């Protein structure tokens, strides 16, 4: 088993824990944090699969997804806080 495969399995386990937190989380902040972890887990899976398949196209996809994920995290934080700064 290659180190990339171990990383993929670890990320999938982390995403499963995040999905549990999204479903069971007692507050909106827990659900938002779980969604953020799940999204970045997906982005890291794409990066590892691109590295494993030896393609350069994945770098652009991961960069755009990371920027969109950052903006999404800010939006979710503002939604949870009720629009207060």
_If you fit an axis through the alpha-carbon atoms of helix 3-24 and take the longest principal axis of the Cα set of the chain, what angle between them do you get, 0 to 90°, nearest 10?_
20 degrees
*Can you figure out the FRET efficiency of residue 51 with residue 84, using R₀ = 35 Å and their beta-carbon distance, to the nearest 0.05?*
0.30
_Test of understanding: what is the full-extension gain from residue 77 to residue 63, defined as 0.36 nm times their sequence separation minus their Cα-Cα distance?_
2.9 nm
*Relative contact order (%) - criterion: Cα under 8 Å, at least six apart; region: the chain*: 27 percent
*asked:* At a 10 Å Cβ-Cβ cut-off, how would you order 63, 45, fewest neighbours first?
replied: 63, 45
_If you fit an axis through the alpha-carbon atoms of helix 28-53 and take the longest principal axis of the Cα set of the chain, what angle between them do you get, 0 to 90°, nearest 10?_
10 degrees
*Measure nothing fancy, just the Cα-based angle from helix 57-80's long axis to the longest principal axis of the chain, in degrees from 0 to 90, nearest 10.*
10 degrees
*Taking only the alpha-carbon positions of the chain and ignoring solvent, what does the Debye formula give for the base-10 log of I(q)/I(0) at q = 0.10, 0.19 Å⁻¹?*
-0.30, -0.87
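Each reported figure results from applying straightforward, stated rules to the coordinates on display, with no laboratory input. On a predicted model such as this, the values are computed, not experimentally measured, just so you know. Counting neighbours? That spans all protein chains shown, and the Cβs are built from the backbone with ideal geometry, glycine included.
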